[in-house]
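Participant: Here you go, one structure.
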Amino acid sequence: MRLSREQSREETRRKLLASASELFAERGVNGTSIEQIAERAGYTRGAFYGNFDGKHELVVALLTRRTERAREELAEMCGRATSSEHLTSLLHAWHRDHAEHQESWLALRLELLLYALRNPEIRPLLAQRELFARDAITEGVRRELVRRDAGPPADPKLLSMIVHALEDGLLVQRLLTPDDVDDRTATDAVTLLLDSWAALDTRKKD
């Protein structure tokens, strides 16, 4: 079946983004050229510029697409979960399924952070990506506390920032000390936080 022009364009963008993701993790953002991205994806430099104005725009598109996918997956899990225990089980499975890609994802994130440090004009765009991720976590925290019949002990946006920072930190710890951090650790740590927040609200009610 022949692809429409719009479908063909979307497929080209998808392949370019996948190529960039691999090369950024391998060589760094600054160490990767537009020609290399196009070549690995099987396209020409002209095809790249037919879809992106330059590396900045590609970086933003890459971050946005990955963030939206994670947000959709989290929302889907929260919607499917019938209990706190079921949600924990779903999250364990999600982390297990993504474990083999965590090193490359961490390498990519660190490279993008370094890129933002060296190119201040892109920091607001990288910040937007972080806010997307935190918004998804905020909604998940709200839903879980409602499920437990507990109110948030602080602004849910602050709670989501704590969860996000915890997950990032554990990702680094897993890379450095894999014997101490497995694919259940992040979920167990977040569950512990939620338990303590729900209990804190219960003590306030008493």
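Participant: Note down all Cβ pairs under 7 Å where the first residue falls in the stretch 132-158 and is without any contact (Cβ under 8 Å) to a residue 24 or more places away in the chain, the second is open to solvent by less than 50 Å² (accessible area, probe 1.4 Å) and not hydroxyl-bearing (Ser, Thr, Tyr), and they're at least six residues apart or on different chains.
Facilitator: THR138/PRO156; ARG142/PRO156; PRO156/VAL141
Participant: Which one is farthest from LEU125 (Cα to Cα), of the residues in the stretch 1-56 that are of a type in the set (Phe, Trp, Tyr) and crowded, with 17+ Cβ neighbours inside 10 Å? So that I can check it myself, show each step before the final result.
Facilitator: Here is the first cut: in the stretch 1-56, the ones of a type in the set (Phe, Trp, Tyr) are 24, 43, 48-49, 52.
When the remaining residues are screened for being crowded, with 17+ Cβ neighbours inside 10 Å, the result is 24, 43, 48, 52.
Working: PHE24: 17, TYR43: 27, PHE48: 21, PHE52: 16 Å.
Among residues in the stretch 1-56 that are of a type in the set (Phe, Trp, Tyr) and crowded, with 17+ Cβ neighbours inside 10 Å, the one farthest from LEU125 (Cα to Cα) is TYR43.
Participant: Can you spot a residue in the stretch 80-99 that is modelled with pLDDT of 80 or more, within 19 Å of the chain's Cα centre (by Cα) and open to solvent by less than 20 Å² (accessible area, probe 1.4 Å)?
Facilitator: No, the stretch 80-99 has no match at all.
Participant: Residues of the stretch 135-149 being surrounded by 19 or more Cβ atoms within 10 Å (Cβ to Cβ) and modelled with pLDDT of 85 or more, which ones? First the steps, then the outcome.
Facilitator: Quick first cut of the stretch 135-149, residues surrounded by 19 or more Cβ atoms within 10 Å (Cβ to Cβ) only: 136-138, 140-141, 144-145.
Listed by number, the residues that qualify are THR138, VAL141, LEU145.
Participant: So if I check each of VAL141, VAL190, VAL146, VAL172, which one is out of contact with any helix residue (DSSP H, G or I) (no Cβ under 9 Å at 6 or more places or on another chain) and of a type in the set (Val, Ile, Thr)? Reasoning before the result, please.
Facilitator: On the way: VAL141 fails: out of contact with any helix residue (DSSP H, G or I) (no Cβ under 9 Å at 6 or more places or on another chain); VAL190 fails: out of contact with any helix residue (DSSP H, G or I) (no Cβ under 9 Å at 6 or more places or on another chain); VAL172 fails: out of contact with any helix residue (DSSP H, G or I) (no Cβ under 9 Å at 6 or more places or on another chain).
Sole residue among the options that is out of contact with any helix residue (DSSP H, G or I) (no Cβ under 9 Å at 6 or more places or on another chain) and of a type in the set (Val, Ile, Thr): VAL146.
Participant: Kindly provide the set of residues from the stretch 170-189 that are open to solvent by less than 30 Å² (accessible area, probe 1.4 Å) and not hydrophobic (A, V, I, L, M, F, W, C), ordered by number.
Facilitator: Passing the criteria: only THR187.
Residue-by-condition table, conditions (1) under 26 Å from LEU17 (Cα atoms); (2) touching a Leu at 6+ places or on another chain (Cβ under 9 Å); (3) part of a helix (DSSP H, G or I); (4) aliphatic (A, V, I, L, M):
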residue: SER104; (1), (2), (3), (4): yes, no, yes, no
residue: LEU114; (1), (2), (3), (4): yes, no, yes, yes
residue: PRO124; (1), (2), (3), (4): yes, no, yes, no
residue: LEU145; (1), (2), (3), (4): no, yes, yes, yes
residue: PRO153; (1), (2), (3), (4): no, yes, no, no
residue: LEU158; (1), (2), (3), (4): no, no, yes, yes
residue: ASP179; (1), (2), (3), (4): no, no, no, no
residue: ASP182; (1), (2), (3), (4): no, no, no, no
residue: VAL190; (1), (2), (3), (4): no, yes, yes, yes
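The values are calculated or read from the model by the stated rules, or taken from the named source; none is laboratory data. Keep in mind the model is a prediction, meaning the values are calculated, not measured. Here the Cβ is made from the backbone with ideal geometry for all residues, glycine too, and neighbour counts use every protein chain on show. What goes into the accessible areas is simple: the full protein's heavy atoms, side chains included, and nothing from ligands, DNA or RNA. Shrake-Rupley method; radii C 1.70, N 1.55, O 1.52, S 1.80 Å.
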